[in-house]
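Student: Let me begin by handing over the structure; questions about it come next.
The values are calculated or read from the model by the stated rules, or taken from the named source; none is laboratory data. Quantities reported herein were computed from a predicted structural model and do not represent experimental measurements. Cβ placement follows ideal geometry from the backbone for every residue including glycine, while neighbour counts extend to all protein chains displayed. Note: accessible area is taken over every heavy atom of the protein model, side chains too, but ligands, DNA and RNA are not part of it. Shrake-Rupley method; radii C 1.70, N 1.55, O 1.52, S 1.80 Å.
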Amino acid sequence: MISEKAAAWGWAFQNRGNHLAAQTSTHLYLWPSDPLRPFVAHYTFCLGSGFASAAQEFSPLTILPDASGCLTFTLRGDGLDGVLYGPSSRAVQVQNDLGVCPLRFFVEFRPGGLSAFSRIPLWELEDQILPLADGEQGLDQLVRDCWRAAEDLDGFVEAVDEGLCARLRSGHSFTGLLARFLDGRQSPEALAAETGYSSRHLTRLFRERCGLSPKRLQRIVRINTAAMLMQRSAGLSLTRLAQELDYFDQAHFIHDFRAVCGVTPGAYQARLSDFYNEPLKF
């Protein structure tokens, strides 16, 4: 069983299915199969020893919102505990227990991707955290069954991927619309004109399928772009960054950044290691 190998720290991911996107000392980032890529950004293994002491203290890590949602599974004994995270619109602080946490597996959705597997309107799940069995029992059972049946991590990932493909809901005309919006090719007004939807109906559609209105989603995407650019270039001029992101002025940029991240761009830039923003969703 995988759990025995994980406990003994004796397994390895061999990438038999060519899923590997990136790897660090603590993480494996894995691509989904092609049919899932419009909906699932990636899978992630967080490779911890599981041997944190009761007295050990962890530094806080602030997770930036990505308006997407994810499924998180933590190894407990011989099985997995599943948690559903709805689309996030505000930053949250967690304990940075990388390296000593139990093994964790994540299914990281793209914005709107969770709606391809769930009948729950995503506006009901905005910033919600709940046991997966309470929200989507079928998804919880799927991943648990894959874990019990697989003989190694490669087999587990393949089984989860195949299971998600089988659970894809039909009727995803919204997906192309959302992709053009996220690429910055069309404004909410242009989307309404193209589809013939009223602004009110378009907002209702976005809230149902993404959890957020077009304008709120657009703001989160822009701020995540800003955060990624600051991570890549520590000395980046904030004035120039605001201009590149088409803000009217730096004051509007600072306002949006603080609303999404809880701190100013300058404070974020000064403490980059205290924050995490999702690198593969946008």
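Student: Can you tell me the FRET efficiency between R258 and N18 if r is taken as the Cβ-Cβ distance and R0 is 35 Å, rounded to the nearest 0.05? All intermediate terms of the calculation are to be shown ahead of the outcome.
Tutor: Details: r = 41 Å, r/R0 = 1.18.
Once the sixth-power term is evaluated, E becomes 0.25.
Student: For the stretch 66-80, in order, what is each residue's ³J(HN,Hα) by Karplus, 6.51 cos²θ - 1.76 cosθ + 1.60 with θ = phi - 60°, in whole Hz (x at glycine and Pro)?
Tutor: Calculated HN-Hα couplings, in order: 10, 6, 10, x, 7, 10, 10, 10, 10, 6, 10, x, 9, x, 10 Hz.
Student: Cα atoms only: what Rg and Dmax, in Å, come out for the stretch 234-282?
Tutor: For the stretch 234-282, the Cα radius of gyration and maximum Cα-Cα distance read 11.1, 29 Å.
Student: With a 1.4 Å probe and all protein chains left in place, how much of the accessible area of the stretch 135-251 comes from carbon and sulfur atoms, in whole percent? List each step's numbers first, then the result.
Tutor: On the way: 2850 of 6090 Å².
Carbon plus sulfur share of accessible area: 47 percent.
Student: Right, here's the next one. So, for the stretch 220-263, what is the accessible surface per residue at a probe of 1.4 Å, expressed in square angstrom? Before the final figure, lay out the partial values.
Tutor: Working: 2330 Å² over 44 residues.
That works out to 53 Å² per residue.
Student: Please work out which option in (1) 1.04; (2) 0.96; (3) 1.17 gives Cα Rg over 2.2 N^0.38 Å calculated from these coordinates, and answer with its label.
Tutor: Answer by label: (1).
Student: Where only protein heavy atoms count, and the probe is 1.4 Å, what is the accessible area per residue for the stretch 107-212 in Å²?
Tutor: For the stretch 107-212, the solvent-accessible area averages 48 Å² per residue.
Student: Please give the calculated 222 nm ellipticity per residue for the chain, where each DSSP H segment of at least 4 residues contributes -39500 (n - 2.57) and the sum is spread over every residue; nearest 500 deg cm²/dmol? Provide the component values of the computation, followed by the final result.
Tutor: Working: 11 runs with 113 residues, N = 282.
Computed mean residue ellipticity for the chain: -12000 deg cm²/dmol.
Student: Please give the peptides 209-216, 265-272, 196-203, 158-165 ranked by average Cβ packing (other Cβ atoms within 10 Å per residue), highest first, as a rough proxy for protection. Present the calculation step by step, with values, prior to reporting the outcome.
Tutor: On the way: 209-216: 21.8, 265-272: 15.9, 196-203: 12.9, 158-165: 18.6.
Most protected by this proxy first, the peptides run 209-216, 158-165, 265-272, 196-203.
Student: Quick one: give the max-minus-min coordinate of the C-alpha atoms of the stretch 165-282 along each principal axis, largest first, in Å.
Tutor: Over the stretch 165-282, Cα extents along the principal axes are 45, 36, 21 Å.
Student: Continuing with this model, one more query. Short version: ³J(HN,Hα) in whole Hz for each residue of the stretch 165-170, in order, from phi by Karplus 6.51 cos²θ - 1.76 cosθ + 1.60 (θ = phi - 60°), x for Gly and Pro, what are they?
Tutor: Computed from phi, the couplings for the stretch 165-170 are 4, 5, 9, 4, 6, 7 Hz.
Student: In whole percent, and with a 1.4 Å probe on the protein chains, what portion of the accessible area of the stretch 73-133 is carbon and sulfur? It would help to have the intermediate numbers written out before the result.
Tutor: Working: 1240 of 2610 Å².
That fraction is 48 percent.
Student: Here's a follow-up. In whole Hz, with x marking every Gly and Pro, tabulate ³J(HN,Hα) for the stretch 31-40 from phi via Karplus 6.51 cos²θ - 1.76 cosθ + 1.60, θ = phi - 60°.
Tutor: Whole-Hz 3J(HN,Hα) from phi for the stretch 31-40: 6, x, 5, 4, x, 8, 4, x, 10, 10.
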